[in-house]
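Asks: Sending over a structure as structure tokens; questions will come in a sec.
The values are calculated or read from the model by the stated rules, or taken from the named source; none is laboratory data. Note that the structure is a prediction, hence the values are computed from the model and not measured. Every residue, glycine as well, gets a Cβ built from its backbone with ideal geometry; the counts of neighbours run over all protein chains shown.
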Amino acid sequence: MYRKILVGYDGSEAARKAFDTALELAAKDGAELYVLSVARLPDVADDVETEAVIENSRNRHRRMLAELKSAVAAKGVKVHYEVTAGHPAEQIIYDADRHEVDLIVVGHRGRSKFARLLLGSVSKQVVQYADRPVLVVR
Ligand SMILES: Nc1ncnc2c1ncn2[C@@H]1O[C@H](COP(=O)(O)OP(=O)(O)OP(=O)(O)O)[C@@H](O)[C@H]1O
Ligand SMILES: [Mg+2]
């Protein structure tokens, strides 16, 4: 039985699959669902333009999360939508710890155009470094 589930969402098809699975699990167990979307930080920091770039990226991630709302409405699951900025795997793990979730769900691939590896670097790092159960949805 899961009480709290966190899913990482980057707007990709694989992340959508992960979200759908997380939503099913949450509905089945009556768990709360945390949907986290992490805006990546640009390399160049402390610059006036950087602020605008981050804000722009945060807004894009907010719109991505808004697309999920109709699926949730039918399920009666309590969902928390969160947008942060930073390193995706680090933020996913940090947020999972903060909310003390029982399960982290990620997709096997993301938005990257280059399928260099069998598993994306974000999912790989989450599996490797998270201190809690991780489900990679394929
Ligand atoms: N910015 C992000 N915010 C939230 N979740 C993310 C983010 N990026 C990736 N994820 C989660 O990790 C899963 C795998 O994506 P990942 O980024 O590891 O693959 P990739 O984009 O194909 O590879 P890479 O980013 O290493 O080039 C996604 O399906 C999603 O669940
Ligand atoms: Mg990626």
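Asks: List pairs: first in segment 79-97 and closer than 23 Å to Glu24 by Cβ and touching a residue at least 24 places away in the same chain (Cβ under 8 Å), second part of a strand (DSSP E or B) and charged (D, E, K, R), Cβ under 8 Å, 6+ apart or cross-chain?
Replies: Val79/Glu32; His80/Glu32; Asp95/Glu82
Asks: Return the residue satisfying two criteria in turn: it lies in segment 23-57 and is within 16 Å of ligand 1 (Cβ to nearest atom), among the charged types (D, E, K, R) and within 24 Å of Glu100 (Cα to Cα), and of such residues it is surrounded by the fewest Cβ atoms within 10 Å (Cβ to Cβ).
Replies: Ranking the qualifying residues of segment 23-57, first place goes to Glu24.
Asks: Return yes when Ser121 is within 12 Å of ligand 1 (Cβ to nearest atom), loosely packed, with under 15 Cβ neighbours inside 10 Å and within 18 Å of Tyr9 (Cα to Cα) and no when it is not. First the steps, then the outcome.
Replies: Numbers: within 12 Å of ligand 1 (Cβ to nearest atom): yes; loosely packed, with under 15 Cβ neighbours inside 10 Å: yes; within 18 Å of Tyr9 (Cα to Cα): yes.
Yes.
Asks: Glu49 passes all but one of (1) within 14 Å of the chain's Cα centre (by Cα); (2) part of a helix (DSSP H, G or I); (3) over 18 Å from Ala18 (Cα atoms); which number fails?
Replies: The single condition Glu49 does not satisfy is (1).
Asks: Can you find, within segment 12-44, the residue that is farthest from ligand 2 (Cβ to nearest atom) among those that are in contact with an Asp or Glu (Cβ under 8 Å, 6 or more places away or on another chain) and not aliphatic (A, V, I, L, M)? Before you say what the answer is, go through the steps one by one.
Replies: Start the filter on segment 12-44 by keeping residues that are in contact with an Asp or Glu (Cβ under 8 Å, 6 or more places away or on another chain), which leaves 26, 31, 34-38.
Add one more test, that the residue is not aliphatic (A, V, I, L, M), and what stays is 34, 37.
On the way: Tyr34: 19, Ser37: 12 Å.
In this case the residue turns out to be Tyr34.
Asks: Okay, moving on. Kindly check whether there is at least one residue in segment 108-117 that is within 14 Å of ligand 1 (Cβ to nearest atom), touching an Asp or Glu at 6+ places or on another chain (Cβ under 6 Å) and in contact (Cβ under 8 Å) with a residue 12 or more places away in the chain.
Replies: As a first pass, look at segment 108-117 and keep what is within 14 Å of ligand 1 (Cβ to nearest atom): 108-117.
Among the residues that remain, those that are also touching an Asp or Glu at 6+ places or on another chain (Cβ under 6 Å) are: 110-111.
Still in the list and also in contact (Cβ under 8 Å) with a residue 12 or more places away in the chain: 110-111.
Yes: one or more hits.
Asks: May I pose another question? Of the numbered conditions (1) of a type in the set (A, V, I, L, M); (2) within 22 Å of Met1 (Cβ to Cβ); (3) more than 11 Å from ligand 1 (Cβ to nearest atom); (4) out of contact with any helix residue (DSSP H, G or I) (no Cβ under 8 Å at 6 or more places or on another chain), Val79 satisfies every one except a single condition; which is it?
Replies: (4)
Asks: To continue, here is another question. Checking the condition acidic (Asp, Glu), touching a Lys or Arg at 6+ places or on another chain (Cβ under 6 Å), within 25 Å of Tyr2 (Cα to Cα) and modelled with pLDDT of 95 or more, which residue from Asp102, Asp97 passes?
Replies: On the way: Asp97 fails: touching a Lys or Arg at 6+ places or on another chain (Cβ under 6 Å).
Step by step, each of Asp102, Asp97 is checked, and only Asp102 is acidic (Asp, Glu), touching a Lys or Arg at 6+ places or on another chain (Cβ under 6 Å), within 25 Å of Tyr2 (Cα to Cα) and modelled with pLDDT of 95 or more.
Asks: Let me ask something additional. Could you please let me know if Ser37 is among the small types (Gly, Ala, Ser) and at pLDDT below 95?
Replies: Values: among the small types (Gly, Ala, Ser): yes; at pLDDT below 95: no.
Against the criterion (among the small types (Gly, Ala, Ser) and at pLDDT below 95), Ser37 does not qualify.
Asks: Would you pick out the residues in segment 68-92 that are farther than 26 Å from Arg132 by Cα and either surrounded by 14 or more Cβ atoms within 10 Å (Cβ to Cβ) or among the aromatic types (Phe, Trp, Tyr) (or both)?
Replies: To start, the set of residues in segment 68-92 that are farther than 26 Å from Arg132 by Cα comprises 69-71, 73-74.
Ala71, the sole residue that qualifies.
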